[in-house]
Amino acid sequence: MTQIARRSTDKEHMAVPWFGIMWIGLTLALSVTYCWSARRQLGVYSPVIPVEVESPVLRAYLKSEEAAAKPPLFDSSFAEYLKKGLSYHIDAYDGGKPYHYKDSSYPHRHANSTLPPWFKKVFPLNKHITPDKQTCFAHVGKAGGSSIGCMLGFLLHCGDDEKTNFQSVPSLLAATTAHSFHRGVYDCSDEAANYLFVIRNPLARALSAFNYAKPDLSEKHPFSKKYKDKEIYVDCDFWTLNDLAERGLVKGNNGASDECKDRAKKALLGTENNLVHWFYNYQFYYESMPPDANIVVIRNEHIVDDWNAVETLLGGAADLTKESLPVNNQYEKKPEEVYLSDAAKVVLCETLCNEIQVYKTILKRAQNINKEQYIQSMQELVTSCPKEAMEESCADDMPDISLKVEKAKGELIY
C-alpha cells in the first residue's frame with residue numbers, strides 16, 4: 001500500500017452519511033469513467049466535459065468544515081505592523097545586498113555546502129517571526145513558482161534588471177515566508193507553520209518542464225553537467241513531448257529502442273535524473289516535508305484567489321489584484337512544442353497517474369482550498385486526464401524515492 005493510500009485511509013469515514021445522495025454521486029462518477037473508457041476503446045479521445053465532478057469518492061477526502069475554520073495565525077494589529085514594516089523595506093530597496101536569513105537550517109544539514117543565491121531575499125526577516133510562525137516555500141519547478149517567488153521577495157530572475165528586482169508584494173505571506181525548498185536544496189525548518197505549494201495541472205507542468213530542459217545545440221556547452229538530458233533529446237531523438245509519448249511510451253514497434261522506451265518512462269516517473277523538473281516532481285516535494293505539515297496552496301490557474309485566501313488565513317487582507325501579478329520565466333513557444341495528440345495525452349496521463357494522485361492529495365490537504373475549489377480543480381483536470389482525475393489508485397505502485405529525499409534534506413545535526 002502506498003504512502004498516499006495509507007494517509008487517505010483514515011479520512012474515508014468523513015463522507016457525509018446521506019446514503020441516497022452518495023449512491024447518486026457514485027453512479028455519476030462511474031458513468032463518467034465508463035464513458036471515458038468506451039470513448040478511448042473506440043479511439044475517440046476528447047475531453048469529457050463534467051457537469052458535476054462531486055462523488056462520495058471525492059467528498060470522502062475533503063476536510064471537515066471545523067478543520068477549515070482555524071483562527072488567523074497573526075492578530076490584526078501585529079499583521080498590520082508586519083505589513084507596514086515590509087512596505088518600508090520594499091520602498092527603500094535600491095538593489096543592494098540581499099539577505100540570507102541567519103536561522104537557516106541548511107548549514108546544519110549540509111555543513112560543507114553553500115546556499116544558492118536565489119534562496120536569499122531582498123528584505124530582512126522580522127525578528128518576531130520565529131520558525132514556528134514561518135512559511136516554507138515549496139518551489140515546484142514549472143508550476144508558476146518563479147512568479148510567486150518574486151512576489152515573496154526571493155532573489156529569483158525577477159524582471160530584466162536585478163536592481164529593479166521589485167515584484168515583492170507587501171503582504172503577510174511575503175513577510176513570513178522565510179525559507180525555500182527548490183530542487184535538491186532544502187532550507188526549511190520542520191517547525192514551519194505552513195508549507196506553501198505552487199501547483200499546476202500535472203500534464204501542463206510536464207509539458208512545460210520538457211520544453212524548459214531542451215538543450216540549445218548552438219551553445220558551446222548545451223547539456224547539463226548534473227542531469228542526463230542528452231540521453232532523452234539527442235541519444236533517443238525525443239525533441240517534443242508528443243514524440244516522446246508516441247514513440248517512447250506507447251507500446252509496440254514505433255521507432256524507439258527498448259532502452260529509449262525505458263528512459264522515457266523512468267524520466268517521466270522521476271526515478272531517473274534526465275530532466276531536472278521531472279526528477280523533482282510533486283511526489284518529491286510532498287514526501288520531503290514533515291508528514292503532519294500544514295499545507296497551503298496557490299494554484300497556477302487561480303493565483304489571485306488562492307493568494308488572497310492564504311493571506312486571510314495568516315490574518316492579512318485579501319487585496320491582491322490580477323493587475324499586480326508579475327510574469328517571469330516565459331518564452332515564445334513553437335506550435336510543435338505544445339502539441340499533444342489524443343494518443344499522447346492518454347499515455348502521458350497513464351504514466352503520470354501517481355503524480356496526479358499526489359497533486360490531488362496536496363489539494364485535499366490544503367488549508368485554504370474549500371470543497372468547491374477542489375471540485376473546480378478536478379473539473380479542470382478532467383479535461384486533460386479524465387480517468388486519472390476520477391480514480392484514486394493507479395496500475396503502477398508509487399515509486400520509492402526515499403534515497404532521493406534523504407539526499408536532498410541531509411542529516412540535521414546541531
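So which residues in the range 129-152 are in a loop (DSSP other than H, G, I, E, B), on the phi < 0 side of the Ramachandran plot and touching a residue at least 40 places away in the same chain (Cβ under 8 Å), if there are any at all?
Step one: of the range 129-152, the residues in a loop (DSSP other than H, G, I, E, B) are 129-130, 134, 139-144.
Applying the additional criterion that residues be on the phi < 0 side of the Ramachandran plot yields 129-130, 134, 139-141, 143.
Across the range 129-152, the qualifying residues are ILE129, GLN134, HIS139, VAL140, GLY141, ALA143.
Any residue at all in the range 391-398 that's open to solvent by 20 Å² or more (accessible area, probe 1.4 Å) and either without any contact (Cβ under 8 Å) to a residue 12 or more places away in the chain or part of a helix (DSSP H, G or I) (or both)? Spell out the reasoning first.
Residues of the range 391-398 that are open to solvent by 20 Å² or more (accessible area, probe 1.4 Å), as a first pass: 391-398.
Narrowing further to those that are either without any contact (Cβ under 8 Å) to a residue 12 or more places away in the chain or part of a helix (DSSP H, G or I) (or both): none.
Among the residues of the range 391-398, not one is open to solvent by 20 Å² or more (accessible area, probe 1.4 Å) and either without any contact (Cβ under 8 Å) to a residue 12 or more places away in the chain or part of a helix (DSSP H, G or I) (or both), which makes the answer no.
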request  = Given the conditions (1) under 16 Å from the mean Cα position of the chain (by Cα); (2) closer than 22 Å to LYS387 by Cβ; (3) at pLDDT below 95, report the number of the one that MET289 does not fulfil.
outcome  = (2)
inquiry  = Which numbered condition in (1) within 27 Å of LEU156 (Cα to Cα); (2) not in a loop (DSSP other than H, G, I, E, B) is the only one that ASP319 fails?
reply    = (2)
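For the range 228-239, enumerate the residues that are open to solvent by 30 Å² or more (accessible area, probe 1.4 Å) and either in contact with a Phe, Trp or Tyr (Cβ under 9 Å, 6 or more places away or on another chain) or under 22 Å from LEU381 (Cα atoms) (or both). Give the derivation first.
Initially, the range 228-239 is screened for residues open to solvent by 30 Å² or more (accessible area, probe 1.4 Å), giving 228, 230-231, 234-235, 237, 239.
Correct list: LYS230, VAL234, TRP239.
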ask   = Among the residues of the range 108-121, which ones are modelled with pLDDT of 70 or more and either within 9 Å of ASP187 (Cβ to Cβ) or assigned to a helix (DSSP H, G or I) (or both)?
value = ARG109, LEU115, PRO117, TRP118, PHE119
Of all residues in the range 318-338 being open to solvent by less than 70 Å² (accessible area, probe 1.4 Å) and over 21 Å from ALA213 (Cα atoms), the one that is modelled with the lowest pLDDT = PRO326
query = Looking only at residues in the range 167-205 that are out of contact with any Leu (no Cβ under 9 Å at 6 or more places or on another chain) and of a type in the set (A, V, I, L, M), which one is modelled with the lowest pLDDT?
reply = ALA192
note = MET378 meets each of (1) over 18 Å from the mean Cα position of the chain (by Cα); (2) surrounded by 17 or more Cβ atoms within 10 Å (Cβ to Cβ) with one exception, condition (1)
note = Those residues of the range 339-356 that are in a helix (DSSP H, G or I) and either open to solvent by 10 Å² or more (accessible area, probe 1.4 Å) or out of contact with any helix residue (DSSP H, G or I) (no Cβ under 6 Å at 6 or more places or on another chain) (or both) come to a total of 10
task = Considering (1) touching a helix residue (DSSP H, G or I) at 6+ places or on another chain (Cβ under 6 Å); (2) open to solvent by 30 Å² or more (accessible area, probe 1.4 Å), say which one PHE279 fails and leave the rest.
result = (1)
ask   = Which condition number in (1) of a type in the set (Lys, Arg); (2) open to solvent by less than 20 Å² (accessible area, probe 1.4 Å); (3) assigned to a loop (DSSP other than H, G, I, E, B) is the one that LYS360 fails?
value = (3)
query = Just a yes or no: is a residue in the range 283-303 of a type in the set (Val, Ile, Thr), without any contact (Cβ under 8 Å) to a residue 40 or more places away in the chain and open to solvent by 30 Å² or more (accessible area, probe 1.4 Å)?
reply = no
task = For GLU355, work out the one condition from (1) modelled with pLDDT of 95 or more; (2) within 21 Å of ASN254 (Cα to Cα); (3) not basic (Lys, Arg) it doesn't fulfil.
result = (2)
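The values are calculated or read from the model by the stated rules, or taken from the named source; none is laboratory data. Quantities reported herein were computed from a predicted structural model and do not represent experimental measurements. Ideal geometry is used to build each Cβ from the backbone, glycine not excepted, and the neighbour counts take in all protein chains shown. Surface areas here come from the heavy atoms of the whole protein model, side chains and all, with no ligands, DNA or RNA. Shrake-Rupley method; radii C 1.70, N 1.55, O 1.52, S 1.80 Å.
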